[in-house]
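Shown next, in structure tokens, is the structure this report addresses.
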Amino acid sequence: IPHFEKMLYDNALLLDLLALAYTQTGTKLFAERARETVTWLQRDMASEAAFAASEDADSEGVEGKFYVWSLAEIQSLLGPDTDFFAQHYPLPAQGNWEHSIILERVTPQGDAATETRLKACRERLLTRRATRIRPGRDDKILTDWNALTVAALVRASFAFNEPSWLAAAQTLFERLLAALGAADGRIAHAMRDGKISAAGLLEDHATMLRAALALYEATGVIALLDQALRLLAATEAHFSDHAGSFTMASADATDLPGPRLRNITDGPTPSGIGLMAENYARLLHLTGDPTYRAKAEALLAAHGGQPNRLAAAPVLLAAADLLENATCIVLTGGNPALTAAALAAPDPAIVILRIAPGQILHESHPAYGKSSAASAAFLCRGGICTPPVTTPQTLRAQLRQLPQNRNTP
């Protein structure tokens, strides 16, 4: 039985995972859960310029009261559909949690008629639940959790063919910058009732930079790359430890006593250092500028002597893989079908580069000299690009042929 509290970061990471899982498997349940998650975000979590931090577990002083049911209440709402519903969601008279019922699906997805009937039953229950007193909500805006949501919405918009989610991600990103951004390029950590309540941490800047790059990959808008580079400059200026890595708090932070700590361990959310390593790797593949390789390697080297901690730093390890083994899909000519196929690729170690008219890549990029005039896709890996691909079917086929072991050229 899950805890009843709903955290924004959990749902952002869940949405991102559902998108990846769906593109790899095509499992309809993943698509259904993703759409339900976004519906919940937009219906229940909108707050000021962004999404609220969490919903509490309690309402009226009772844990889970908003979410649980009695058998009598379900019978009164579903009537003759109760027995059918109970075949999929067991309804023990004595309850399955503290004498109440938490609805738990125990059957796999059925045919269209079954799923339509179950959905109608759930909607009747949801309508009744909406009349209850809601749990309390922590409505402060947290930059890092919202930035994770931006990146998740971007990936999910293409995985599930939901263009409005990309638009929502763009709007959310712009609102975060407007509400929490500062003149020096930094971004604050928290805001409530229009007032900044905490200075920005490394995680805030790393996640916003990652969100900017996700939007740039999705849209090809150069202004988003420029914004990413401004965030990078602010992060390096204020969080560098001058030894290749970053501290969790800025050098001029006055609200945190003691030394400036470095942390590579992922907790409920990715570590800022791991995300910065990923950001450097993505910038290398998006621009070809070898400066980003040098910075990524320095960051990885700064923590390479900590084998006992690396097992708890999967984001940092994934960034090392991305640096060396990513496939960069270079798109020219703006073909929407090719772009959609690339952005729905089922692999987090793929970077999308949409070459804009007149854009010139660094001479170190394997796609240097590729023209934006003709519509094509090039798969670039290990310093070499494939011949041009001109149909989404061929692109998807080539993506399926990428080596499972990315250490293999």
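The values are calculated or read from the model by the stated rules, or taken from the named source; none is laboratory data. Computed from a predicted structure; not experimentally measured. Positions of Cβ are generated from backbone atoms using ideal geometry, with glycine treated the same way; all protein chains shown enter the neighbour counts.
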Could you go through the range 270-278 and let me know if any residue there is modelled with pLDDT of 95 or more and either over 27 Å from GLY382 (Cβ atoms) or loosely packed, with under 14 Cβ neighbours inside 10 Å (or both). yes
Can you find a residue that is free of Cβ contacts under 8 Å to residues at least 40 places away in the same chain, in a loop (DSSP other than H, G, I, E, B) and under 18 Å from the mean Cα position of the chain (by Cα) anywhere in the range 306-315? no
Taking the range 275-287 and the residues there that are in contact (Cβ under 8 Å) with a residue 60 or more places away in the chain and out of contact with any strand residue (DSSP E or B) (no Cβ under 9 Å at 6 or more places or on another chain), the one that is farthest from ASP144 (Cα to Cα) would be LEU283
Every residue in the range 83-93 that is more than 13 Å from VAL68 (Cβ to Cβ), at pLDDT 95 or above and either in contact with a helix residue (DSSP H, G or I) (Cβ under 6 Å, 6 or more places away or on another chain) or of a type outside the set (Asp, Glu) (or both), please. PHE84, PHE85, ALA86, GLN87, HIS88, PRO90
When the range 284-297 is checked residue by residue, the ones that are surrounded by fewer than 24 Cβ atoms within 10 Å (Cβ to Cβ) and not aromatic (Phe, Trp, Tyr) are LEU286, THR287, GLY288, ASP289, PRO290, THR291, ARG293, ALA294, LYS295, GLU297
So which residues in the range 186-213 are among the hydroxyl-bearing types (Ser, Thr, Tyr), closer than 19 Å to THR247 by Cβ and not in a helix (DSSP H, G or I)? none
Being without any contact (Cβ under 8 Å) to a residue 40 or more places away in the chain, under 19 Å from the mean Cα position of the chain (by Cα) and either in the same structural domain as PRO357 (by TED's automatic domain parsing) or in a loop (DSSP other than H, G, I, E, B) (or both), is that true of even one residue in the range 256-270? yes
With respect to ALA218, is the statement that it is surrounded by fewer than 24 Cβ atoms within 10 Å (Cβ to Cβ) and under 17 Å from the mean Cα position of the chain (by Cα) true? yes
Of all residues being without any contact (Cβ under 8 Å) to a residue 60 or more places away in the chain and either part of a strand (DSSP E or B) or of a type in the set (D, E, K, R) (or both) in the range 47-87, which is surrounded by the most Cβ atoms within 10 Å (Cβ to Cβ)? Just the residue, please. TRP69
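Yes/no per residue for (1) surrounded by 20 or more Cβ atoms within 10 Å (Cβ to Cβ); (2) of a type in the set (A, V, I, L, M); (3) without any contact (Cβ under 8 Å) to a residue 12 or more places away in the chain; (4) in contact with a Cys (Cβ under 9 Å, 6 or more places away or on another chain):
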| site | (1), (2), (3), (4) |
| --- | --- |
| ARG134 | no, no, no, no |
| ARG155 | yes, no, no, no |
| ALA168 | no, yes, no, no |
| LEU180 | yes, yes, no, no |
Being in contact with a Lys or Arg (Cβ under 8 Å, 6 or more places away or on another chain), closer than 21 Å to LEU8 by Cβ, of a type outside the set (Ser, Thr, Tyr) and free of Cβ contacts under 8 Å to residues at least 60 places away in the same chain narrows it down to one of MET191, MET248, so name that one. MET248
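Residues checked against (1) more than 20 Å from GLU5 (Cα to Cα); (2) in a helix (DSSP H, G or I):
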{"position": "THR131", "(1), (2)": "no, no"}
{"position": "ARG134", "(1), (2)": "no, no"}
{"position": "ASP144", "(1), (2)": "no, yes"}
{"position": "THR149", "(1), (2)": "no, yes"}
{"position": "ARG155", "(1), (2)": "yes, yes"}
{"position": "ALA167", "(1), (2)": "yes, yes"}
{"position": "LEU172", "(1), (2)": "yes, yes"}
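To keep it simple, each residue is scored yes or no on (1) in contact with a Cys (Cβ under 6 Å, 6 or more places away or on another chain); (2) within 30 Å of SER371 (Cβ to Cβ); (3) modelled with pLDDT of 95 or more; (4) not charged (D, E, K, R).
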| residue | (1), (2), (3), (4) |
| --- | --- |
| ARG260 | no, no, no, no |
| LEU284 | no, yes, yes, yes |
| ARG293 | no, yes, yes, no |
| ASP321 | no, no, yes, no |
Among what's in the range 1-46 and is of a type outside the set (A, V, I, L, M) and within 18 Å of ALA211 (Cβ to Cβ), pick the residue that is surrounded by the fewest Cβ atoms within 10 Å (Cβ to Cβ). GLN42
In the range 338-365, the residues that are modelled with pLDDT of 90 or more, farther than 16 Å from ARG155 by Cα and surrounded by fewer than 18 Cβ atoms within 10 Å (Cβ to Cβ): HIS362, GLU363, SER364
If you check LEU323 against the conditions, is it crowded, with 19+ Cβ neighbours inside 10 Å and either part of a helix (DSSP H, G or I) or among the basic types (Lys, Arg) (or both)? yes
Go through ARG354, ARG400, ARG309, ARG293 for me and flag whichever is within 21 Å of THR207 (Cα to Cα) and either basic (Lys, Arg) or touching a Lys or Arg at 6+ places or on another chain (Cβ under 8 Å) (or both). ARG293
